[in-house]
Amino acid sequence: MTTRREVLKYAGLGMGAAAASMLGVPVNAGGEANGAQAPLKPASTEITDKSGKRLAPGPEIAWTKIAKKAAAVDITVDATKTAQTILGFGAAFTDAACYTLSRLGDSDRAKLLGTMFGQDQHALSVGRVPIGASDYSTAAYSYDDGAADPELKRFSIDHDRDYVLPTLQTALRVNPELFLFGSPWSPPAWMKYSNSMLGGNIRPENIPAYARYIQKFVEGYAAAGVNVRAVTIQNEIDADQGGKMPACPWPEEDEERLLLALGPLLEASGTKIWGLDHNYNLWGRVLDQLSKPRIKKYVNAVAWHGYLGAPEMMRNVQERFPDVEMHWTEGGDDYKFPDYMGNWCKWGATFSGILANGPQSITTWNAALDERGRPNIGPFDCAGLVQIHSVTKEITQTGLYWALVQHARAFRRGAVVVASHDVKGDTPAVNGTLVVPPGALTPGTGIPYSPATERVFHSAAKNPDGSMVVMLTNPGGAKDVTVECNGQIAKVGLTADSVTTLRWS
């Protein structure tokens, strides 16, 4: 019960955060990066740091031709080596998150969602929608509660019409291209051996009805003007959660029965199915399923969580099935961690590790919760991306928020991730732990960093408008780093505890 929300104790990095000098094999690339040309203009900068800057414009950085006998540069960007195409960044519209947002006044709520999802503002563009209750709900509910109803005559999404659908509709007005995907935590209680949504397996004879249940969710939302473009089969498919929250573990053979029942039902709507929706360490299960043509026919993507394992484990799937998309669909902080309001470096480094290993999108957990991580019917102490005080309604952005939106503003939909590597090699982590100065603590965990070496974490991409961007996360003290691109070099001053965007054309 401590693993699901350990909040990426090792910052979810593994070897990936070095930036993907490993990206020589194009994966889901949307086209040529065409990045071999030298930078033509000075680079602009955007900075978030502990001095109080939040997405603040920094100084322009000039490029100069690299001297023949110059010292080794710190970070090299190679835009001729391309990888995945970015879909976007976002958060989960849980029942709890939408309820919390609904408690704001109309103008405050519209302003907040406009800031978060406005593409000229903080540019979030992906959202996860639970199919029924999750652990972050006001109560346990499904869309067909009560006695057994195999024909689903009682099915209704009316629960969501109060504040879930209105919140989604507002976000869609801000960004009509918002990509929404759905994830179920549990079938209705009557479908399960336990007769409860809180843990327990589905009765196999109810799998066809459950496939129709998910189809009816997609259709009901579409009728409400909310297009769900993909679904996962089950949140955390290998976890029962001790019967303390909505959950349903799926043996692989039952999951395959559901996939084969659901796939044909969703073909007409074009709704995609993303597999797994669980941790990196379950990559073997993914390989097994994708190796079966009858399954791969319906599963076009894999959804990953970062609570167990390391992000480079995703490459085991990517290298075998380069045509299959990758998405990172859950992660977040604990509201009891003392530094979660300012740990943007933890998350900047984590995102570099994720992007270096294939995912096209990054979706964090609850979009908003109160100061005690509520509403919450489960056993975990998660924090919202945004904190909204239950009494004062004060809105506070977290460290995760600032790291996420800075990436969203930099790597726009359609951006192609390109290779970057640093002079210290391809492995910026030791045993999964960030490599930074001695005495520092892993954000939110109290675990000491080791060994005694500083590191700047980085990722790079080319946007559809032709601009190049590099994200530089510096969890240590102020320092100068050099960035090289096609024979041109820029000297960048990084402030302490900072995330810096470098952009040029």
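The values are calculated or read from the model by the stated rules, or taken from the named source; none is laboratory data. Since the structure is predicted, the reported quantities are computational estimates derived from the model, not experimental observations. Every residue, glycine as well, gets a Cβ built from its backbone with ideal geometry; the counts of neighbours run over all protein chains shown. All accessible areas refer to the heavy atoms of the entire protein, side chains included, with ligands and DNA or RNA removed. Shrake-Rupley method; radii C 1.70, N 1.55, O 1.52, S 1.80 Å.
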Quick one: which residues, 5+ away or cross-chain, put their amide H under 5 Å from the amide H of ILE273? H built at 1.01 Å from N. VAL231, ASN300
For segment 197-269, what ratio Rg/Rh do Cα atoms give with a Kirkwood hydrodynamic radius? 0.99
How much net charge surrounds ARG203 when only other residues with a Cβ under 11 Å from its Cβ are counted (Lys, Arg +1; Asp, Glu -1)? -1
When the scattering of segment 43-134 is computed by the Debye formula from its Cα atoms alone, each counted once and equally, what is log10 I(q)/I(0) at q = 0.10, 0.16, 0.18 Å⁻¹? -0.52, -0.98, -1.10
Whole Å is fine, so just give me how far the alpha carbon centre of segment 67-144 lies from that of segment 480-500. 26
3J(HN,Hα) from dihedral phi, segment 52-61, Karplus parametrisation 6.51/-1.76/1.60, rounded to Hz, x for glycine, proline: x, 6, 9, 6, 7, x, x, x, 5, 10
Can you give the charge dipole size of the chain about its Cα centre, rounded to the nearest 20 debye, using +1 on the beta carbon of Lys and Arg and -1 on the beta carbon of Asp and Glu? 940
At q = 0.23 Å⁻¹, what base-10 log of I(q)/I(0) does the Debye formula yield for segment 104-176 when every alpha carbon is treated as an equal point scatterer in vacuo? -1.06
Accessible area per residue for segment 169-325 in Å², computed with a 1.4 Å probe and the full protein assembly in place, what is it? 35
Could you rank LYS65, LYS292 by how accessible they are, 1.4 Å probe, largest area first? LYS65, LYS292
Could you work out what % of the accessible surface of the chain is carbon and sulfur, using a 1.4 angstrom probe and leaving DNA, RNA and ligands out of the count? 52
Residues with amide H under 5 Å from that of ALA419, placed H, sequence gap 5 or more: ASP78, LYS81
What's the angle, to the nearest 10 degrees (0 to 90), between helix 344-355's Cα axis and the longest principal axis of the chain? 80
All lysines inside 18 Å of LYS50 as judged from Cα atoms, apart from same-chain residues fewer than 8 positions distant: LYS346, LYS479
Net charge of neighbours whose Cβ lies under 15 Å from the Cβ of GLU319, counting Lys and Arg as +1 and Asp and Glu as -1: -1
Dimensionless Rg ratio for segment 165-316, taking C-alpha atoms and the 2.2 N^0.38 Å reference: 1.05
By per-residue mean of other Cβ atoms within 10 Å, what is the highest-first order of 133-140, 170-177, 243-250? 133-140, 243-250, 170-177
Residue-normalised value, i.e. accessible area per residue, for segment 380-421 at 1.4 Å probe, in Å², stands at 27
What net charge do the residues around ASP120 carry, taking every other residue with its C-beta under 12 Å from that of ASP120, with Lys and Arg at +1 and Asp and Glu at -1? +2
Helix 164-174 against the longest principal axis of the chain: what's the angle in degrees, Cα atoms only, rounded to the nearest 10? 40
Just to verify a number: what accessible area does MET116 come out at with the full protein assembly present, 1.4 Å probe, Å² rounded to tens? 0
Per residue, what volume in Å³ does the convex hull of the Cα atoms of segment 169-237 enclose? 96
Just read off the accessible area of THR392 with the full protein assembly in place, 1.4 Å probe, to the nearest 10 Å². 90
Report the Cα centroid-to-centroid distance between segment 199-220 and segment 147-178 in angstrom, as an integer. 16
Angle between the Cα long axis of helix 399-410 and the longest principal axis of the chain, 0 to 90 degrees, nearest 10? 70
Taking the chain and counting helices only, DSSP H stretches of n ≥ 4 at -39,500 (n - 2.57) each over all residues, the nearest-500 ellipticity at 222 nm comes to -6500 deg cm²/dmol
Each residue of segment 484-492 in order: what ³J(HN,Hα) in whole Hz does its phi give by Karplus 6.51 cos²θ - 1.76 cosθ + 1.60, θ = phi - 60°, with x for Gly and Pro? 10, 9, 6, x, 9, 10, 10, 9, 10
Once amide H atoms are placed 1.01 Å from N in the peptide plane, what residues at a sequence separation of 5 or more from ASP334, or on another chain, have their amide H within under 5 Å of its amide H? ALA383
